[in-house]
Amino acid sequence: MARLGDALRAQRERKGIVLDQAADDTRIREKFLRALEDGDYNALPGAVYTKGFLRNYAEYLDLDPEELVTLYNAERGVQV
């Protein structure tokens with residue numbers, strides 16, 4: 001299974017969207033989108049905010065939000 005950040009970046013690039021445009025469209029700060037794509041979870045705010053960002057970004061990219069939240073939890077070692 002692809003890493004979360006790789007899946008987000010690949011889909012964004014497939015759609016021809018640059019990161020600053022995604023930030024403008026989603027109203028999520030570019031540094032947070034970059035952190036999600038880079039897997040830099042320490043640069044993100046708390047888990048509740050991060051999951052909200054992730055769900056919104058996934059919908060924007062036409063990806064399954066719940067699948068990506070599950071992948072995020074798995075990468076963070078969180079049992080749900």
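Let's see how each residue does on (1) buried (at least 16 other Cβ atoms within 10 Å of the Cβ); (2) at pLDDT 95 or above; (3) on the phi < 0 side of the Ramachandran plot:
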residue: A2; (1), (2), (3): no, no, yes
residue: D25; (1), (2), (3): no, yes, yes
residue: K31; (1), (2), (3): no, yes, yes
residue: E37; (1), (2), (3): yes, yes, yes
residue: L54; (1), (2), (3): yes, yes, yes
residue: A58; (1), (2), (3): yes, yes, yes
residue: D62; (1), (2), (3): no, yes, no
residue: N73; (1), (2), (3): no, no, yes
residue: Q79; (1), (2), (3): no, no, yes
**Request:** Output yes when any residue across the stretch 33-52 is of a type in the set (D, E) and touching a helix residue (DSSP H, G or I) at 6+ places or on another chain (Cβ under 7 Å), and no when none is.
**Result:** yes
**Message:** Looking at L68 and the list (1) in contact (Cβ under 8 Å) with a residue 60 or more places away in the chain; (2) open to solvent by 50 Å² or more (accessible area, probe 1.4 Å), which single condition is not satisfied?
**Reply:** (2)
**Prompt:** So how many residues does the stretch 29-46 have that are of a type outside the set (K, R) and in contact (Cβ under 8 Å) with a residue 12 or more places away in the chain?
**Reply:** 10
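The values are calculated or read from the model by the stated rules, or taken from the named source; none is laboratory data. The structure presented is a predicted model; accordingly, all values stated were derived computationally and were not measured. Because the Cβ atoms are built from the backbone with ideal geometry, glycine has one as well, and the counts that use them run over all protein chains shown. Ligands, DNA and RNA are excluded from the accessible area calculation, which covers all protein heavy atoms including side chains. Shrake-Rupley method; radii C 1.70, N 1.55, O 1.52, S 1.80 Å.
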